[in-house]
């Protein structure tokens with residue numbers, strides 16, 4: 001179902017803009033083409049008026065070169081939008097000489113078309129105070145006449161019409177302020193209710209006279225002439241509003257702090273002793289050598305504390321009581337810890353971290369010659385090798401040497417004592433001088 005089927009028209013109004021429709025073979029008259037252009041022009045004027053507003057956007061400023069009677073008025077180039085939405089564009093400055101004489105001739109008591117003041121004793125002189133308004137008006141002139149089809153048998157030259165409409169701006173002097181061109185605007189509370197309170201923008205059907213913009217007022221007090229931008233209505237362009245919002249309302253980010261090259265470079269953070277790191281990752285490879293009575297947890301806790309305190313092995317050798325005293329309170333444990341650590345360092349000599357992941361298959365194939373030196377246990381290694389190959393068991397040297405014999409017994413189907421013996425022989429073979437040293 002279309003979204004427009006469930007509806008009813010309650011009322012309709014014409015927008016006032018009509019345009020022609022064309023079809024193949026139609027006879028098109030001049031009025032049709034004129035209406036086509038006029039309809040687009042009216043839509044554009046309405047867009048400017050209600051979306052942007054009306055007033056002087058840029059330029060169109062006026063000034064007098066002297067306050068005396070022979071003053072010349074200069075109107076600078078500029079752009080604006082009239083009250084009806086028509087644009088007023090003055091591409092270059094305009095100079096008007098003898099402004100006082102023009103003001104007297106246009107707005108004075110003896111101006112053409114105005115009745116004389118016949119009251120007795122009321123002499124009309126150039127010293128009479130006068131006020132006028134400088135106005136810019138947009139208009140059109142017709143040019144380029146061309147002959148059209150004559151009526152009946154008349155000569156073609158008797159029926160000519162202009163073929164060009166040329167837009168122009170004229171600077172005028174008005175004696176009275178044009179209707180609706182005062183500069184009154186909405187008060188601040190009304191504007192806030194629209195911007196901040198969500199109130200609807202009223203559709204202002206202005207009664208201001210169209211096609212013109214008031215540039216200012218000119219005054220003659222009988223001796224001097226002056227100009228003021230009275231009744232001049234401004235229309236701020238979007239670019240100015242954007243610059244105001246970004247440069248004036250928005251706070252700029254704080255500048256980066258000044259560099260301080262004189263400050264000393266901080267020392268790099270301390271690193272743990274590599275000896276303690278090696279003991280942790282190599283622990284499974286030699287822990288069974290420490291004996292059943294060895295307190296494994298105490299030793300590992302001590303190493304962890306020394307590592308956290310960044311106490312290096314070299315510092316302990318220099319002053320054992322001062323260094324180990326921060327961790328171990330029993331003096332008898334000092335010698336035990338130092339002796340045990342010295343043995344581990346000796347066992348670790350030449351061993352690489354990658355050796356801990358050496359698979360049992362690689363170990364067997366690499367060190368088979370060394371294992372044959374103990375023929376009474378060789379068959380255990382041969383059987384285990386075949387079992388690992390058949391079952392694709394992921395067994396490493398670390399598992400065999402440092403693993404729990406009871407757990408490996410269930411997994412490999414070997415006696416725990418056999419596993420301990422194979423682990424010790426594996427270490428002896430590695431220490432014998434093959435590719436891996438321990």
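The values are calculated or read from the model by the stated rules, or taken from the named source; none is laboratory data. The shown structure was predicted, so the numbers you read here are calculated from the model rather than taken from an experiment. We place every Cβ from the backbone using ideal geometry, glycine too, and count neighbours over all the protein chains shown.
Residues in region 74-109 that are assigned to a strand (DSSP E or B) and touching a helix residue (DSSP H, G or I) at 6+ places or on another chain (Cβ under 6 Å): 81 only. Contact map, region 415-436: residues that are farther than 12 Å from residue 377 by Cβ paired with residues that are in a loop (DSSP other than H, G, I, E, B) and modelled with pLDDT under 80, Cβ distance under 6 Å, separation 6+ or inter-chain. Pairs shown: 427/438; 430/436; 430/438; 431/438; 434/367. Between a first residue in region 35-61 that is touching a residue at least 24 places away in the same chain (Cβ under 8 Å) and on the phi < 0 side of the Ramachandran plot and a second residue that is in a helix (DSSP H, G or I) and surrounded by 13 or more Cβ atoms within 10 Å (Cβ to Cβ), which pairs have beta carbons less than 8 Å apart while being 6 or more apart in sequence or on different chains? Matching pairs, first to second residue: 54/48. In this structure, does residue 16 turn out to be closer than 24 Å to residue 209 by Cα, out of contact with any strand residue (DSSP E or B) (no Cβ under 8 Å at 6 or more places or on another chain), in a loop (DSSP other than H, G, I, E, B) and at pLDDT 85 or above? Here the answer is no, as residue 16 does not meet what is asked.
Is it the case that residue 386 is over 30 Å from residue 298 (Cα atoms), in a helix (DSSP H, G or I), out of contact with any helix residue (DSSP H, G or I) (no Cβ under 9 Å at 6 or more places or on another chain) and modelled with pLDDT of 75 or more? When the stated conditions are applied, residue 386 passes them. In region 54-68, the qualifying residues are those that are modelled with pLDDT of 85 or more and not in a strand (DSSP E or B), and the one that is surrounded by the fewest Cβ atoms within 10 Å (Cβ to Cβ) is 65. Among the residues making up region 126-178, those that are without any contact (Cβ under 8 Å) to a residue 12 or more places away in the chain and assigned to a loop (DSSP other than H, G, I, E, B) are 149, 150, 151, 152, 153, 154, 155.
Here residue 28 fits the description: in a loop (DSSP other than H, G, I, E, B) and either modelled with pLDDT of 85 or more or within 27 Å of residue 164 (Cβ to Cβ) (or both). When 123, 112, 71 are checked against the criterion of being assigned to a loop (DSSP other than H, G, I, E, B), farther than 21 Å from residue 215 by Cβ, in contact with a helix residue (DSSP H, G or I) (Cβ under 9 Å, 6 or more places away or on another chain) and modelled with pLDDT under 90, 112 stands alone in meeting it.
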